[in-house]
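**Student:** Pasting in a structure now, in C-alpha cells, and then I'll have a few things to ask.
The values are calculated or read from the model by the stated rules, or taken from the named source; none is laboratory data. Everything numeric in this text was worked out from a predicted model, so none of it was measured. Glycine gets a Cβ as well: all are built from the backbone with ideal geometry, and neighbour counts include every protein chain shown. Just so you know, the surface numbers come from the protein's heavy atoms only, side chains and all, with ligands and any DNA or RNA stripped out. Shrake-Rupley method; radii C 1.70, N 1.55, O 1.52, S 1.80 Å.
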Amino acid sequence: SFYYGTFPAGFLWGVGSSAYQTEGAWDEDGKGPSIWDAFTHKKGKVFRNETGDSACDGYYKVKDDIRLLKELRVNHYLFSISWPRIMPTGIKTEQLNEKGIQFYNDTINSLLENNITPIVSLYHWDLPQVLQEKYGGWQNISMINYFNDYANLCFEKFGDRVKHWITFSNPWAVAEKGYETGEHAPGLKLGGCGAYKAAHHIIKTHAKVWHSYNNTWRREQQGMVGISLTSGWGEPVDPHSQTDRDAAERYIQFHLGWFANPIFRGDYPEVMKNCVGRKSAQQGLGTSRLPTFSVQEKTYIKGTSDFLGIGHFTTRYVLQKSFPFLQVSSYHTDRDLAELVDPKWPAPGPKWLYSVPWGFRRLLNFVKTQYGNPPIYVTENGVSEKVQCTQLCDEWRIEYLKGYINEILKALNDGVNVKGYTAWSLLDQFEWNKGFSERFGFYHIDFKNKNKPRYPKASVDYYKKIISANGFPNPREVNNWYQKAMDTCSTTHQLLATDSLITHMEMVTEIVLPTVFTLCVLVSIVLLIFYLRNHS
C-alpha cells in the first residue's frame, strides 16, 4: 500500500549521469582513448553501431545542463570523471592533460555556484585504452597502483570542493559484462575466471584508494569515500521452500555480496566461496576459480567505505536450478539458480527492467541487517523507454519513481539509514551496448539535431514536486502533481514537433539543395557537351 509522509530534514535529492554516456568530445582537447572508444569503434559491438563519440555533447554544454539541474531543484549532481580525459594513457608519470583537469574544475565550480553539491565517481567504466592494451586492464594487478595514482590526483585537484567520492560505479557490470560475457568493453569472454579476477583487483583497488584518502587527505579535506554497487533483488518463488530461499540468497550474494561482503565484513560471502570452490573441484582444478584474500588483505579491505552507494532497478523471482557438471563453467552456472518474472509486472522499457517497487525496500533492509546499517546513498534508480517515437508524457516513469521512492520512505521507517536519492538519469544518453535505443533521461534529447537540444519530460515536473515537498504529503496533492505534469508535457510536445520540423527543413536545405544543385550543374555540363558535339 502507498505510504504518505515526508523524508527527514536534510535528505538529499539528486540526479546522475556518467562521463562516457554524456560528454562526447572523445578525442578533443588532449583526451586519450578509453576502452569504450575502442569497443564502440568496432562494428557489431553496439546496437546500430552507434558510438558515444559525441553522445550528448555534454563537454560543451555544461552551463546548459546546470540550468536543467536548477530547473529540477536538486540538491546534488552525481557525475563521473573520465580517467583518460585527465590522464590520457592512464599513467600519471607519462602525461597529464591540463585542459581535462580544467574542464572538471569548471564543472565543479559551476555546480557549487548554483548551490548544487557534486558527488563524484572516479570510475564509470571508461578505463584508458593504453592500460587495456599494455596490461590487460582489470585482469592485471598493476591496475591497483595506476588507479590509486589517478585517484590521488583527483583528490589533490578537486578534493578541496568535492566531499563525496565514489571509487567505482557498478563494478559488477565491469567484471561480469566486460570480462565474462564480453557484452561491454573491453569485450573479453574469459568464462569462469575473468569476472572473478577483475572483481578481485577492483576490490583491492577500492581499499587502497580509501586508505590513501584516509591517510593523506581526510584530515585536511573532511570528505567521504564510498563505492556504488548496483544490484537487483531476488525473491524466492516459493517462500516456504528452503531450496528457493537458498537460491534467492545466492542470487543476492553473487550480485551485491560479491563486492559488499569483503568491504563490510572482510571476505567473499561463504555461499559464494562454497559454490565456486565446489564447481572448481568438479572441474579438476587444484584451486578455486574465485581468488582468495590473505589474512592481511581481509583486515586491510574490511571497513573501507564511509557510505554505501546503492544502484537498483528491478527484481526477479528466483528458484533452485542445478547446472550439470560442465568442463567450462561460468559465473552464471556457478550460482545454480534460475530467474523468473511475473507477467503482471509493468515493463515499459527493455525486457530486463520490470517495475517492482517492493523489491527495493527488501534490498535496503538486507543492506541494513547484513552490513551493520551503513549510511546509504541511492546512486542509480530509474526506468527507460524503448520506443521509436518521442515520448515526453512519460507517465510510466512517474509511476516508477513514485513507487520506488515511496519504498525508500518505508525503509526509512524500518530504520534503514538512507541519506539521499539519485534518480537515473538527467539526460537521455548513450546506453552502452544498447546505443541510443534506451532512454533513461528526465530530459529528451533530439540526437538527429546537431545542436542536441534538451526537452523536459513530464517526469521533470513530477520529480520537482517530490523534491519541493520532501516526499508525499497527502493523496490530493500527489494526484494534482500528476495532472500538472501531464499538462506541461503536452505543451513541450508541441514545441518539440515544431523544432523537429525546422530541423528536418534545415537538413533538406543542407543536404538536398546542394545535391540538387550539383546534379543540375552536371546535367547542364552533359547537355552542353552534346550541344557542342552536334554543332561541331
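**Student:** Which residues' amide hydrogens lie under 5 Å from the amide hydrogen of GLY441, considering only partners 5 or more residues apart or on another chain, with H built in the peptide plane?
**Tutor:** HN-HN under 5 Å from GLY441: SER425, ASP428, GLN429.
**Student:** Please compare each pair in LYS351/LYS402; LYS134/LYS197; LYS351/LYS419; LYS61/LYS419; LYS99/LYS452 to a cut-off of 26 Å on the Cα-Cα distance and tell me which ones are over it. Mind dumping the intermediate values first?
**Tutor:** Details: LYS351/LYS402 21 Å; LYS134/LYS197 17 Å; LYS351/LYS419 31 Å; LYS61/LYS419 30 Å; LYS99/LYS452 23 Å.
Pairs exceeding the cut-off: LYS351/LYS419; LYS61/LYS419.
**Student:** Compute the angle between helix 513-535 and the longest alpha-carbon principal axis of the chain, please, reported from 0 to 90 degrees and rounded to the nearest 10.
**Tutor:** 40
**Student:** What number results when the radius of gyration of the chain, computed over Cα atoms, is divided by 2.2 N^0.38 Å?
**Tutor:** Numbers: Rg = 25.1 Å, N = 536, 2.2 N^0.38 = 24.0 Å.
For the chain, the normalised Cα radius of gyration comes out at 1.05.
**Student:** Would you kindly derive the ³J(HN,Hα) couplings of region 144-157 from the backbone phi angles with the Karplus curve 6.51 cos²θ - 1.76 cosθ + 1.60 (θ = phi - 60°), listing them in order in whole Hz, with x for Gly and Pro?
**Tutor:** With coefficients 6.51, -1.76 and 1.60, one gets 4, 6, 5, 5, 5, 4, 4, 4, 5, 5, 5, 4, 5, 7 Hz.
**Student:** Carbon and sulfur atoms: what percent of the 1.4 Å accessible area of region 1-126 do they account for?
**Tutor:** 49
**Student:** At 222 nm, what helix-only mean residue ellipticity would the chain give, in deg cm²/dmol to the nearest 500, using -39500 (n - 2.57) for each DSSP H run of four or more? Walk me through the numbers on the way to the answer.
**Tutor:** Working: 20 runs with 239 residues, N = 536.
The helix-only estimate for the chain comes to -14000 deg cm²/dmol at 222 nm.
**Student:** Can you give the net charge of the other residues whose Cβ lies under 15 Å from the Cβ of ASN474, counting K and R as +1 and D and E as -1?
**Tutor:** Numbers: positive: LYS402, LYS465, ARG476; negative: GLU477.
Cβ neighbours under 15 Å give a net charge of +2.
**Student:** With θ taken as phi - 60° and the coefficients 6.51, -1.76 and 1.60, list the Karplus ³J(HN,Hα) couplings across region 90-102 in order, rounded to whole Hz; mark glycine and proline as x.
**Tutor:** x, 10, 4, 6, 8, 6, 10, 10, 4, 5, x, 4, 5
**Student:** Run the numbers for ASP106 and ASP53: contour at 0.36 nm per residue of separation, minus the present Cα-Cα distance, in nm. Display every interim value, and only then the final one.
**Tutor:** Numbers: separation 53, 0.36 × 53 = 19.08 nm, distance 2.16 nm.
Computed gain between ASP106 and ASP53 is 16.9 nm.
**Student:** Calculate the translational D of region 366-458 in whole µm² s⁻¹ from Stokes-Einstein, where the hydrodynamic radius comes from the Kirkwood formula applied to all Cα pairs, the temperature is 25 °C and the viscosity 0.890 mPa s. Numbers along the way, then the final one.
**Tutor:** Working: Rh = 14.9 Å.
Estimated diffusion coefficient is 164 µm²/s.
**Student:** Distance from the Cα centre of region 207-257 to that of region 296-366, in angstrom?
**Tutor:** 11
**Student:** Return P(r) of region 226-358 (all Cα-Cα pairs; 5 Å bins starting at 0; whole %; ordered from short to long distances).
**Tutor:** Calculated P(r), rounded to whole percents: 2, 10, 16, 18, 19, 16, 11, 6, 2, 0.
**Student:** Separate question: So which GluC sites (Glu not before Pro) in region 83-141 pass both tests, a DSSP loop state and at most 13 other Cβ atoms within 10 Å of the Cβ? Before the final figure, lay out the partial values.
**Tutor:** Working: sites: GLU94, GLU98, GLU113, GLU133; in loops: GLU94.
Here the GluC sites (Glu not before Pro) that fit, given the DSSP loop and packing criteria, are GLU94.
**Student:** Between LYS43 and THR515, what is the FRET efficiency for a Förster distance of 25 Å, r being their Cβ-Cβ separation, to the nearest 0.05? Walk me through the numbers on the way to the answer.
**Tutor:** Numbers: r = 27 Å, r/R0 = 1.08.
Approximately 0.40, to the nearest 0.05.
**Student:** Continuing with this model, one more query. Which one, GLY234, SER121, THR379, is farthest towards the positive end of the dipole of the chain when Lys and Arg carry +1 and Asp and Glu -1 on their Cβ?
**Tutor:** Farthest along the dipole direction, towards plus: GLY234.
**Student:** Give, in nm to one decimal, the length gained when the segment between ASN480 and HIS535 is fully stretched (0.36 nm per residue of separation minus the Cα-Cα distance).
**Tutor:** 11.7 nm
**Student:** Oh, and also: With charges set only on the Cβ (+1 for Lys and Arg, -1 for Asp and Glu), what does the dipole of the chain come to about its Cα centre, in debye to the nearest 20? Show your work: numbers first, answer last.
**Tutor:** Working: 58 positive and 54 negative charges, 143 e Å.
It comes to approximately 680 debye.
**Student:** For the chain, what is the accessible area per residue in Å² when the probe is 1.4 Å? Intermediate values should be presented prior to the final figure.
**Tutor:** On the way: 22110 Å² over 536 residues.
Ligands and nucleic acids excluded, the figure is 41 Å² per residue.
**Student:** Using modelled amide H (1.01 Å from N, peptide plane; none on Pro or chain starts), what sits under 5 Å from the amide H of GLY5, excluding residues fewer than 5 places away?
**Tutor:** PHE472
**Student:** Show ARG219, ARG245 ordered by accessible area, largest first, where the area counts protein heavy atoms only and the probe is 1.4 Å.
**Tutor:** On the way: ARG219 220, ARG245 100 Å².
Most to least solvent-accessible, the answer reads ARG219, ARG245.
**Student:** Taking the dipole about the Cα centre of region 5-473, with the C-beta of Lys and Arg at +1 and of Asp and Glu at -1, give me whichever of PHE147, SER17, GLY58 is farthest to the positive side.
**Tutor:** Going by the Cα projections, it comes out as PHE147.
**Student:** What angle, in degrees between 0 and 90 and rounded to the nearest 10, separates the Cα long axis of helix 62-72 from the longest principal axis of the Cα atoms of the chain?
**Tutor:** Computed tilt is about 60 degrees.
**Student:** Skipping prolines and chain starts, which residues have an amide H placed within reach, meaning under 5 Å, of the one on TYR377, given they are 5 or more residues away or on another chain?
**Tutor:** Correct list: LEU308, GLY309, ILE310, LYS419.
**Student:** For region 132-233, what is the Kirkwood hydrodynamic radius in Å, using each pair of distinct C-alpha atoms?
**Tutor:** Working: mean 1/r = 0.0696 Å⁻¹.
This gives a value of 14.4 Å.
**Student:** Ok, one more. Using the Karplus equation 6.51 cos²θ - 1.76 cosθ + 1.60 (θ = phi - 60°), what ³J(HN,Hα) coupling, rounded to whole Hz, does each residue of region 400-408 give in order, writing x for Gly and Pro?
**Tutor:** For region 400-408, the Karplus curve yields 4, 4, 4, x, 6, 5, 5, 5, 5 Hz.
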